[in-house]
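Please read the structure below before turning to the comments.
The values are calculated or read from the model by the stated rules, or taken from the named source; none is laboratory data. Please read all numbers here as calculations on a predicted model, not as lab measurements. A quick note on method: Cβ atoms are made from the backbone with ideal geometry, for glycine too, and the neighbour counts reach across all protein chains shown. SASA here: full protein model, heavy atoms, side chains in, ligands and nucleic acids out. Shrake-Rupley method; radii C 1.70, N 1.55, O 1.52, S 1.80 Å.
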Amino acid sequence: MEKTVNQKAWFLVLPVLLLVAFSAVIPLMTVVNYSVQDTFGNNQFFWAGLEWFREMLSSERMWDALGRQLMFSGIILAIEVPLGIFVALNMPKSGFWASFCLVLMSLPLLIPWNVVGTIWQIFGRVDIGLLGYTLDKLGINYNYTQDTIAAWVTIVVMDVWHWTSLVALLAYAGLKSIPDAYYQAAKIDQASRWKVFRFIELPKMMGVLMIAILLRFMDSFMIYTEPFVVTGGGPGNATTLLSIDLVKMALGQFDLGPAAAFSIMYFLVILLISWVFYTVMTNLDKREG
Amino acid sequence: MAKITLDNLAHSYLPNPGSEDDYALKELNHVWDDGAAYALLGSSGCGKSTLLNIISGLLQPSQGRILFDDRDVTHEPTAARNIAQVFQFPVVYDTMTVRDNLAFPLRNRGRDERYIAERVQEIARMIGMEEMLNRKARGLTADAKQKISLGRGMVRKDVNALLFDEPLTVIDPHMKWELRTQLKKLHHDFGHTMIYVTHDQTEALTFADKVVVMYDGRVVQIGTPEELFERPEHTFVGYFIGSPGMNVIPARIDGNKAYVNGSYVELAQGYGPLNGKVEIGVRPEYARLSQTDGLPVKVRRVEDVGRHKIIRAEFFGHDINIIAGEDERISADMNRVSFDAAHVNVYANDWRVQGEAA
Ligand SMILES: Nc1ncnc2c1ncn2[C@@H]1O[C@H](COP(=O)(O)OP(=O)(O)OP(=O)(O)O)[C@@H](O)[C@H]1O
Ligand SMILES: [Mg+2]
């Protein structure tokens, strides 16, 4: 059959292209623009080359923030992934309670970030918050505005509360897709509970877990609102994660050039880690095949 | 190895079964003899898998008891019953190698590695996968997976019974024949009680000492292949066994004559008055086409299937099949059919009626 050549289909892509241009490409290019220029005010800019990048790379402040950021993402992944799997394994498989659990677990996911922050900020206060007050009365020294450990514990617990459901729901979907015959065969083969998990459930969940880990990593690496609302980055700089630091620099000090350079490197780091992550996981997947 | 007794067994998937229709498996009493090979035959949805799952303990029956020899195992878990079962849907552990898959049931029972290695090698030879032992099971073809499932079922020697749920469906015909031979050999060598579910009657008839035919949640007949052929206890058995199946024709019975539309067919035995739906059943093998004997038929088509010919015909408005020998000549003027009286069975409401000597 003769193929008809018709280039009109391009027009169908055009709206999306425009949308992406305005929402992503143009803002990003603005940042690139700032990152290679300097200004003395009055809207007069001149070329600065890679000066800002060099400055940021040698800035201890950025490396510290990056370190804290990696630590934060590492901790929450190390807690949320196993916890999410554990929750998914223990959820009812069908019936009223299954739906009930699903609804209950979706609730935290529906709450806006700044509200989550506010909830925990109040919850943890020693004077009026249920958590802070109780801990204080129990004789535990807990004050997230002054104590680094307390601040970290608060933002980690808050993130776990907010996002473990996501991992659990994805893992649950993976579990539900396993045909009954697998469990039956495992019973016939007298596999222990651990072996059922290791050789049936985990392999079948791998695909969705990969997505869950990637999502949680990217999201936690860019986290801003919740810790900002709770600790404001303090005490000192103890919970100043990358994006908090970035905002401090760009809006607080109005150092647009360095902040733009910082943004771009931030963006590249996320891209890089996600890519490495994805490649490693898919390769693992293939090698097993 | 054990004798398995099903006592008053029935199962429904509903929590509160009411009428008989709610039962996937209707009340059943049966003894599976120790060391016998059974084929379980029946159409889709008749409860074959349900029955196997109850025997292996994957499913708790709604009522009745299961005994292994004289031990009541009704409430014992699968592990305590020591049964091997191969499922309809091939199950392999994706992340393990073929070798580890085969070794899995033995390792879980704590057998020593030397014995395991030996046994795995043996099984791999039986299923023809010796070269693939070190491959990961993921990504193998469907028939390779099914062979692994089968191998895992056969790897333990000390099981009480071996249950196979259509284990050869996706395997190609040649390999199927080969595996069937291996299964028969396994049965011969170890004398396990074996139950083999299949849709395929040739498979059932060649494999088993006894064939159990199920229909709509009920065991309708248990017998040797010959018994099923000669005296189907239920019209379903008649249809299902044989190719083509038994001809079933509505009739009125009077003594030792069966009337079909005013004409009659001689019966070898006499019958009392029968109620309900009355039919006669004649295997195509026992019907003969000729120019002179019997009742009129209209021949529609003659199919030559190699060893014999199948004649498709119309008999007083009913479809019937007649089998003729390969070298028998069929001519256009052959328009009468006669039945071998000794092989005409009488059915009332689908169940065979035993006649009295006439
Ligand atoms: N888990 C279940 N829940 C509810 N009903 C079921 C379940 N499993 C089977 N059934 C029903 O019970 C009946 C018997 O099913 P079963 O699987 O035993 O049939 P089968 O003879 O193995 O059929 P097939 O040849 O298709 O495998 C069917 O009507 C089926 O719909
Ligand atoms: Mg079945």
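Taking residues in the stretch A:2-15 that are in contact (Cβ under 8 Å) with a residue 40 or more places away in the chain, and partners anywhere that are surrounded by 10 or more Cβ atoms within 10 Å (Cβ to Cβ) and assigned to a helix (DSSP H, G or I), not one pair has Cβ atoms closer than 9 Å while being at least 6 places apart or on different chains.
When the stretch B:153-173 is filtered for residues that are among the charged types (D, E, K, R), over 18 Å from the mean Cα position of the chain (by Cα) and either modelled with pLDDT under 90 or within 11 Å of ligand 2 (Cβ to nearest atom) (or both), the ones remaining, listed by number, are B:LYS157, B:ASP158, B:ASP172. Considering each of B:LYS26, B:LYS3 in turn, give the residue that is open to solvent by less than 40 Å² (accessible area, probe 1.4 Å), away from chain A (no Cβ under 14 Å) and among the charged types (D, E, K, R). Only one candidate qualifies: B:LYS26. With respect to (1) at pLDDT below 90; (2) away from ligand 2 (no atom under 16 Å from the Cβ); (3) open to solvent by less than 20 Å² (accessible area, probe 1.4 Å), the lone exception for B:THR141 is condition (3). A:GLN184 meets all of the listed conditions (1) within 14 Å of chain B (Cβ to nearest Cβ); (2) touching a strand residue (DSSP E or B) at 6+ places or on another chain (Cβ under 8 Å); (3) touching a residue at least 40 places away in the same chain (Cβ under 8 Å) but one, namely (3). Residues in the stretch B:38-82 that are within 13 Å of ligand 2 (Cβ to nearest atom), assigned to a loop (DSSP other than H, G, I, E, B), open to solvent by less than 60 Å² (accessible area, probe 1.4 Å) and touching a residue at least 60 places away in the same chain (Cβ under 8 Å): B:SER43, B:CYS46, B:GLY47.
In the set (1) at pLDDT below 90; (2) within 16 Å of ligand 1 (Cβ to nearest atom), the condition left unmet by B:VAL219 is number (1). Could we say that B:GLY151 is more than 16 Å from ligand 1 (Cβ to nearest atom), small (Gly, Ala, Ser) and not in a helix (DSSP H, G or I) here? No: the conditions fail for B:GLY151. If you go through the stretch A:167-198 and keep only what is charged (D, E, K, R), more than 16 Å from ligand 1 (Cβ to nearest atom) and under 13 Å from B:GLN85 (Cβ atoms), you end up with just A:ASP189. The condition of being open to solvent by less than 50 Å² (accessible area, probe 1.4 Å) and at the interface with chain B (Cβ under 8 Å from one of its Cβ atoms) does not hold for A:ILE213. In the stretch B:83-94, which residue that is away from ligand 2 (no atom under 13 Å from the Cβ) and in contact with a strand residue (DSSP E or B) (Cβ under 7 Å, 6 or more places away or on another chain) is nearest to A:MET206 (Cα to Cα)? Residue satisfying both the conditions and the ranking: B:ALA84. Among the residues in the stretch B:191-204, are any at pLDDT below 85, in contact with a Leu (Cβ under 9 Å, 6 or more places away or on another chain) and either within 22 Å of B:LYS3 (Cα to Cα) or open to solvent by less than 20 Å² (accessible area, probe 1.4 Å) (or both)? Yes, the conditions are met somewhere in the stretch B:191-204. Among the residues of the stretch B:83-111, those that are open to solvent by less than 40 Å² (accessible area, probe 1.4 Å) and part of a helix (DSSP H, G or I) comprise B:VAL98, B:ASN101, B:LEU102, B:ALA103, B:PHE104, B:PRO105, B:LEU106, B:ASN108.
Each row is one residue, and each column tells you yes or no for (1) open to solvent by 60 Å² or more (accessible area, probe 1.4 Å); (2) away from chain B (no Cβ under 14 Å).
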residue: A:ARG125; (1), (2): yes, yes
residue: A:ILE149; (1), (2): yes, yes
residue: A:TRP152; (1), (2): no, yes
residue: A:VAL156; (1), (2): no, yes
residue: A:LEU169; (1), (2): no, yes
residue: A:ILE188; (1), (2): no, no
residue: A:ARG193; (1), (2): yes, no
residue: A:MET205; (1), (2): no, no
